[in-house]
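The structure appears below as structure tokens.
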Amino acid sequence: MGDVVSPLTGQYTSTAGLIEHGASDWVAAAAKPGHVALADVRLLSPVTTPCRVMCQGANYRQHAIESGMDPDNRAFNLFFDKTDASVTGPHDPVIRPAHVTLLDYEIELALVLRRSVDAPTTVTVENLHEYVFGVTIANDFSARDVQLPQGQFLKGKSYRGFCPLGPVLAVLEPEDFTLLDDLELRLEVNGSLRQSDSTANMVYRPAETLTELTEFCNISPGDVLLTGTPHGCMATSPPALIRRLATALLPEQTLWAAFVKQNQRKPYLRPGDIVTASIRNATGTLDLGTQRNVIVAPGS
């Protein structure tokens, strides 16, 4: 991002409104020299609510392996969702709920969708631009001590503020979509690198993912699809054999209590931690800026 921005002249109450009616406005704004200092602007989420927030799981090869999966023997995507109550700005504080001790991070490339679909649809590399408006950064914050012991992805990933989006929503032209194949994702905690990978290592790419998604889910302009996170999260899965043995020998409640206790020794996110996330390509022709979120305690 530069030091100045050029504001839109139209009035849009939602991201969907901008997508459907603002083409001439954003093209005109992009052509003008910026004149508003970025330092004088509070950056909000570039995606407004209400919206759907849909997610892919274990969609990078190494992350699939550390999650106990074989990326070469996947017959389908792993889909889940977050409530849109989780959507927040790229520089807003993220509250760690008082009962959560295993707060994890997940940098993700987010697709912002362009059009309504209410029937199974074949999306291809050639027509992907008809369905995807642009891309931005997402961080799929996750309360692992809720998500995993309770078996509730939706609950563990949907606390308010658990989905920062932005700062840049890059509107893509048809010729820009090849750039999505080689973007570098990087996440740091207090300046220490935790996640780093390339979209070249995705298991399922956007076109085939949207094709599968439309088999069971309607989509609308301004909805968001998080395309998975690289390896490097705090939560990892033991080998399949150990999981099977533990499940056979221990009551489930005892097994998860041991998981939480063991994981509390790891450097999960705590109040005061600063999480930064960036996505760009090597040449800088597509740069989605940098998120910076401070983890805070309730009432801070």
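The values are calculated or read from the model by the stated rules, or taken from the named source; none is laboratory data. This is a predicted model, so every value here is computed, not measured. So basically every Cβ, Gly included, is an ideal-geometry build from the backbone, and we count neighbours across all protein chains shown. Please note that ligands, DNA and RNA were not included when accessible areas were found on the heavy atoms of the full protein model with its side chains. Shrake-Rupley method; radii C 1.70, N 1.55, O 1.52, S 1.80 Å.
Numbers below:
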| item | result |
| --- | --- |
| Subset tally (residues that are touching a helix residue (DSSP H, G or I) at 6+ places or on another chain (Cβ under 8 Å) and either without any contact (Cβ under 8 Å) to a residue 60 or more places away in the chain or outside any strand (DSSP E or B) (or both)) for the range 103-113 | 0 |
| Single residue of 80, 76 found to be within 20 Å of the chain's Cα centre (by Cα), in contact (Cβ under 8 Å) with a residue 60 or more places away in the chain, open to solvent by 90 Å² or more (accessible area, probe 1.4 Å) and assigned by the TED database to the domain that holds residue 224 | 76 |
| Residue ID - farthest from residue 113 (Cα to Cα), chosen from residues in the range 1-25 that are more than 24 Å from the chain's Cα centre (by Cα) and hydrophobic (A, V, I, L, M, F, W, C) | 4 |
| All positions within the range 55-74 that are touching a helix residue (DSSP H, G or I) at 6+ places or on another chain (Cβ under 7 Å) and closer than 15 Å to residue 111 by Cβ | 56 |
| Selected residue [outside any strand (DSSP E or B), in the same structural domain as residue 158 (by the TED database) and hydroxyl-bearing (Ser, Thr, Tyr)] from 49, 13 | 49 |
| Residue that is closer than 16 Å to residue 112 by Cα and either open to solvent by less than 30 Å² (accessible area, probe 1.4 Å) or assigned to a loop (DSSP other than H, G, I, E, B) (or both), where the choices are 54, 69 | 54 |
| Residues located in the range 185-204, provided they are surrounded by 15 or more Cβ atoms within 10 Å (Cβ to Cβ) and in a strand (DSSP E or B) | 185, 186, 187, 188, 189, 194, 195, 197, 198, 202 |
| Count of the range 114-152 residues which are assigned to a strand (DSSP E or B) and either crowded, with 20+ Cβ neighbours inside 10 Å or at pLDDT below 95 (or both) | 10 |
| Yes/no for residue 207 being modelled with pLDDT under 95 and either among the aliphatic types (A, V, I, L, M) or under 30 Å from residue 19 (Cβ atoms) (or both) | no |
